[in-house]
């Protein structure tokens, strides 16, 4: 490719409305342009990246035995009514009325359409399992589209749906998809983690998210330093320590803490570390016990998802009102503690390990110090109700946990019979019985991968593409070619040799000043850069620069193709 | 590929709602399934065809120097308001309101979006010409979607838009696109004609449609037997003959023709061929002459597009009311003729050549016979106001015209400044002046090509794919493999050898009865079929059958790969 036949639309200034690095760099490098809120045009350079990512996804899906289909993007409301999502989905579903006043939507996902197809085409258990996928434009009417392609309204997605006669068969395909996803993200060249995820309201059996690690990620994930264990922080287990609790060494005392209503304020005021304090949160419970207390170490955060799974706690988790708090403990929020309470107390495993701790005294502006379980108050069975923190032991017993930010680029999910039951998608079994199919679904945000790769791979100068998805693998920059026939001729010869050798190369024939051209290619982030000038020619060499490391070396022109193709493969 | 990992969803019965052959066969061969009116899912076999057509289009567009981009499918109303199409486009434009009550549409075409992009990114004449294309899902809310993919609502389109500093530059790209389109349709393997088309209401300078010839085509096209000339019948020129008109040989006579008001009835009644009669149609004219007469040979059809371009005729063409007719000639419609009329008479070239002809006598239920121009009535300058018919001389003077039905699969168009002027898309010229860009646009209905190829290539048994877009080039059918380990082993060996040789082959490992399997592959239309059975194995041969011709031959198994790859390339 020649830049004279390619729109290079780099920008010097960072667009004001681009908040995160990938969005800024995609605009600056001329990969995308904004059409309207959450709607982007892929320019030629950007589309090359997207297509390369798409091709890798397609190859690995085919390799894993999935079959590609293409479903309409516009879907009839009737199917969504059948699955009961037409009302539930909310305003993110872009609803459309056609000229005959019939209701449709622009599909954000295709469970209904594929289930409708499969219930018509698949009749026998012998035809199972099947796994259909498509790579298609989706629409989600985000209330506040932002971060460019990271949270766009229109985006490119790979979505796959598998159908099975039973859970064992689903598990097998699920495992294959897990492996295929690892292969995809490895080939693309991003540092990622498959993490256990919450199955949430869909109520399936198992779910993994695939996160590209990047400090700008919206999700916190916990992973072990000593094993493959990784989970969304929402889901990561904080295990109960085997350590023996320290013996009491201090006497229980009441101290005045005027105006100190937060852990931080109390800890500061009493000169006691936060982890030696407990916080006591009153939340709604069951009919029998309408209010219950949750007790956590002061430096730990409540995990609502874990707490609301506790049988004594109402779901969704709802904090008690100030009136309820006062009625239960005789004090205001900020002075509550577990001592002497007549409501159920649920203690986090870590808080249950404390000795000589500080807590609210259930008397306004007073706290207890030197509190000890069993001596000063009963110790109920402890539970896991907090977010894990860095340094916690890994729940699989191997290594400790670290916390990182991640960008979710993939999600695999065991749906079970969630859709197939509502839509009556059945097959005949070996014994001639009608059986509801078991389903899995598997998504990858293809356009999001591009943005995530940039979040993970960039520096001050611009993007540093993983080779597999770079717009071009190699850029050839002739320096001051307009002044030198020799440079022009040699550049053309080398360009042609590289093309003939199958190298994905672009030649910069724009004739810009060298500094401007170099800055463009650093910004665009081509992994391998070749600079050809008069001085090099005198010595029969071309300058090679690796974008990622900035390392330069001279390569003999005669050996360039061999050396470079060796480096690329 | 193995059929055991591929959804083969053939149907025995022709679905009732499928009117044309391609729609019937695409359903029966399991290429597509209907989701809702005008919305179809591409099944795995069908998608392979679509992707092959898409790949050919992409390669040839890249080859012709066009740059691929991808614009959003959802477009903001503001741009369409700027081009004044938001109101004009009518209900085929699928209008959408988002959650913030802003207006959008699902793009049926992208002139506005690309013009908006280009006016922002392209500033100088030095950056021109550019030609951007995309291959994308479009939506047109047809009032009556039908014929399957031929007139679907959601469809895959390649649309390209070029920008230029002047007409000469546009013409060059237009010619390149013309050549690229010929290359595309040739590679796909369809018999097609590029035909001159009406530029219609868009008012551009030049336009060609690309038609796949098929008897079911919606358009009539005229093409020369002796040259490349081809045009939509609406536009094909009927040239004025150089022949000398015959001398009068009959006297003018008035005959009674009671109740005979059509050419057919008069011709039958008087035993005179229709081509020896003329029909006289009164239509609205200009302010000066509110009614004018059009005179055509009885066997010719009026061409409204040509007639309304005549300076004396109102546009759009409007027939005179019975009252106007009676006022102008004193008779009812059906008895009108050009003799003695006091309104302007426009005579078609062919009608002007007649001698001794029949026409209405301007007296109810009477006709004249033996009418002759100049002797019985004045002969005004003749004009071309009829549709050409088979046998007419080609307007380029080479050969005669034939008429065929065509399916429009491509359209190229010189838009001129139509959009760029309204949207103020300008560049700076060499002299620093601001100049409105000149545009071209170039569309191909990718999904429509698939249907059109079937309309052109099928027989009683099913589809006969052109090799380039066949779902697979070769099918290998082991016969009764479940009964014969020898057949199974040999089939697997051959399959692997073909795969290794890069042949696009599918093996039928479904274990169906041979007749059922054969019928499936005839229906699906794989160009090259290999049948392996016990009997052939005894002789060391495999049966080869060409789908198109039905010809069979035995090929030595040892030479299969060599023979077949030779045949394929």
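Annotations
- Flag for residue B:90 being under 21 Å from residue B:419 (Cα atoms), within 24 Å of the chain's Cα centre (by Cα), free of Cβ contacts under 8 Å to residues at least 12 places away in the same chain and in the same structural domain as residue B:440 (by the TED database): yes
- Among the residues listed as A:9, A:18, A:55, the single one being more than 27 Å from residue A:461 (Cβ to Cβ) and not in a strand (DSSP E or B): A:55
- Odd one out for residue B:79 among (1) in a helix (DSSP H, G or I); (2) out of contact with any strand residue (DSSP E or B) (no Cβ under 8 Å at 6 or more places or on another chain); (3) surrounded by fewer than 16 Cβ atoms within 10 Å (Cβ to Cβ); (4) within 11 Å of another protein chain (Cβ to nearest Cβ): (3)
- Checklist (1) modelled with pLDDT of 95 or more; (2) in a loop (DSSP other than H, G, I, E, B); (3) surrounded by fewer than 16 Cβ atoms within 10 Å (Cβ to Cβ) applied to residue A:254, failing item: (2)
- Within the stretch A:99-118, the set of residues being more than 9 Å from chain B (Cβ to nearest Cβ) and farther than 13 Å from residue B:41 by Cβ comprises A:101, A:103, A:105, A:108, A:109, A:111.
- Residues of the stretch A:21-37 classified as at the interface with chain B (Cβ under 10 Å from one of its Cβ atoms) and either farther than 22 Å from residue B:68 by Cβ or in a loop (DSSP other than H, G, I, E, B) (or both), total: 2
- Filter result for the condition that a residue is outside the structural domain of residue B:44 (by the TED database) and closer than 20 Å to residue B:55 by Cβ, over B:485, B:529, B:467, B:490: B:467
- Boolean, residue B:64 is surrounded by fewer than 22 Cβ atoms within 10 Å (Cβ to Cβ), more than 8 Å from chain A (Cβ to nearest Cβ) and at pLDDT below 95: no
- Any chance residue B:15 is at the interface with chain A (Cβ under 8 Å from one of its Cβ atoms) and modelled with pLDDT under 95: no
- Number of the condition not met by residue A:450 [criteria: (1) in a loop (DSSP other than H, G, I, E, B); (2) crowded, with 23+ Cβ neighbours inside 10 Å]: (1)
- When residue B:96 is tested against (1) free of Cβ contacts under 8 Å to residues at least 24 places away in the same chain; (2) at the interface with chain A (Cβ under 8 Å from one of its Cβ atoms); (3) in a helix (DSSP H, G or I), just one condition goes unmet, and that condition is (3).
- Any chance residue A:478 is under 26 Å from residue A:565 (Cα atoms), touching a helix residue (DSSP H, G or I) at 6+ places or on another chain (Cβ under 7 Å) and not assigned by the TED database to the domain that holds residue A:416: yes
- Only one of the listed residues (A:370, A:432, A:397) is more than 30 Å from residue A:56 (Cβ to Cβ), not assigned by the TED database to the domain that holds residue A:190 and not in a strand (DSSP E or B). That residue is A:397.
Conditions (1) more than 27 Å from residue A:220 (Cα to Cα); (2) buried (at least 17 other Cβ atoms within 10 Å of the Cβ); (3) not assigned by the TED database to the domain that holds residue A:375, marked per residue:
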site	(1), (2), (3)
A:259	yes, no, no
A:283	no, yes, no
A:336	yes, yes, no
A:358	yes, yes, no
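- Filtering the stretch B:453-471 to residues that are in a loop (DSSP other than H, G, I, E, B) and more than 28 Å from residue B:133 (Cα to Cα) leaves B:457, B:460, B:461, B:464.
- Scanning the stretch A:138-146 for residues that are more than 12 Å from every other protein chain (Cβ to nearest Cβ), under 30 Å from residue A:32 (Cα atoms) and modelled with pLDDT under 95 turns up at least one hit.
- Residues in the stretch B:48-61 that are within 11 Å of chain A (Cβ to nearest Cβ) and free of Cβ contacts under 8 Å to residues at least 24 places away in the same chain: B:51 only.
- The residues of the stretch A:259-302 that are under 13 Å from residue A:386 (Cα atoms) and part of a loop (DSSP other than H, G, I, E, B), listed by number, are A:298, A:299, A:300, A:301.
- Given (1) within 12 Å of another protein chain (Cβ to nearest Cβ); (2) assigned to a helix (DSSP H, G or I); (3) surrounded by fewer than 23 Cβ atoms within 10 Å (Cβ to Cβ), index of the condition residue A:45 fails: (3)
For (1) more than 25 Å from residue A:138 (Cα to Cα); (2) surrounded by fewer than 20 Cβ atoms within 10 Å (Cβ to Cβ); (3) modelled with pLDDT of 95 or more, each residue gets a yes or a no:
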| residue | (1), (2), (3) |
| --- | --- |
| A:164 | yes, no, yes |
| A:170 | yes, no, yes |
| A:178 | no, yes, yes |
| A:186 | no, yes, yes |
| A:190 | no, no, yes |
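- Residue check, residue A:550 over 30 Å from residue A:214 (Cα atoms) and surrounded by fewer than 23 Cβ atoms within 10 Å (Cβ to Cβ): no
The values are calculated or read from the model by the stated rules, or taken from the named source; none is laboratory data. Note that the coordinates shown come from a computational prediction; the quantities given were computed from them, not determined experimentally. With ideal geometry, Cβ positions are generated from the backbone for all residues, glycine too; neighbour counts draw on all protein chains shown.
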